[in-house]
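Okay, structure first, notes after.
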Amino acid sequence: MLYIFDLGNVIVDIDFNRVLGAWSDFSRVPLATLKQSFTMGEPFHLHERGEISDEDFAKALCEEMALPLSFEQFSAGWQAVFVSLRKEVIEIMQRLREQGHRVVVLSNTNRLHTTFWPDRYPEIRAAADHIYLSQEMGMRKPEARIYQRVLELEGYSADDAVFFDDNGDNIEGANQAGITSILVTGKNTVPDYFAKQLC
């Protein structure tokens, strides 16, 4: 079987409120104001596909949110999204590989984040056979082509794949590709799913 794991809130806890809090501290713009103006719009999607630079992404968001930040301040806040590793999921990934299954990560992410989390959480790369990143693939979830491409590269059919993600749209996209997909709603979702399979 091919097991495909999302990164944020599946393998690593993330919290965008931490990003906004850091930006608020740097800029003195009230947190409530930032919460109202922050959206994952077109610049966000372009950045995740690797179609714009980190600097252009920072500039676009700062303009959208009227944020007077330097690129260094923007970056420091952007990396604050990462909270902690879900070690129980790492252990499951390792056990799946020991049983002969293929384990990969498929994440909508960006170059800026990949300068941070691989060094902070080396356990992720150690527990995965491969890591697929949206900005390297030039496509992002829930686009059908990204699931199809992963299946093609891995040499598996959709019938032999299981996908875990915390985003309902991404789950729907994978379902439409024929992949069994599990919506991760909390820290227990993945361990509970494998409780019987890995006994």
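A few comments on the model shown:
- Where Q94 falls short, out of the listed (1) assigned to a helix (DSSP H, G or I); (2) outside the structural domain of Y121 (by TED's automatic domain parsing); (3) not β-branched (V, I, T): (2)
- Where strands (runs of 3 or more DSSP E) sit wholly within the stretch 118-199, those with at least 1 residues that are over 15 Å from the mean Cα position of the chain (by Cα) occupy 161-165, 180-183.
- Among (1) small (G, A, S); (2) on the phi > 0 side of the Ramachandran plot; (3) modelled with pLDDT under 95, the one test that G41 misses: (2)
- Tally of residues being exposed (fewer than 15 other Cβ atoms within 10 Å of the Cβ), touching a strand residue (DSSP E or B) at 6+ places or on another chain (Cβ under 6 Å) and either hydrophobic (A, V, I, L, M, F, W, C) or within 24 Å of R49 (Cα to Cα) (or both) across the stretch 82-124: 1
- Taken over the stretch 49-65, the criterion of being outside any helix (DSSP H, G or I) and touching a helix residue (DSSP H, G or I) at 6+ places or on another chain (Cβ under 7 Å) is satisfied by R49, G50, I52.
- Where a residue in the stretch 46-68 is of a type in the set (S, T, Y) and its partner, wherever it lies, is surrounded by 17 or more Cβ atoms within 10 Å (Cβ to Cβ), with Cβ under 9 Å and at least six apart: S53/H47
- Residues (more than 26 Å from S84 (Cα to Cα), among the β-branched types (V, I, T) and assigned to a loop (DSSP other than H, G, I, E, B)) located in the stretch 11-48: V29
- Among (1) in contact (Cβ under 8 Å) with a residue 60 or more places away in the chain; (2) crowded, with 17+ Cβ neighbours inside 10 Å; (3) not charged (D, E, K, R), the one test that G138 misses: (2)
- Some residue of the stretch 69-78 being part of a helix (DSSP H, G or I), outside the structural domain of V162 (by TED's automatic domain parsing) and without any contact (Cβ under 8 Å) to a residue 12 or more places away in the chain: yes
- Scanning the stretch 40-71 for residues that are surrounded by fewer than 15 Cβ atoms within 10 Å (Cβ to Cβ), of a type in the set (G, A, S) and within 22 Å of E143 (Cβ to Cβ) yields a count of 2.
- For A174, the conditions (1) closer than 23 Å to L46 by Cβ; (2) touching a Gly at 6+ places or on another chain (Cβ under 8 Å); (3) of a type outside the set (S, T, N, Q) all hold with the exception of (2).
The values are calculated or read from the model by the stated rules, or taken from the named source; none is laboratory data. Worth saying up front: this structure is predicted, and the values here are computed from it rather than measured. So basically every Cβ, Gly included, is an ideal-geometry build from the backbone, and we count neighbours across all protein chains shown.
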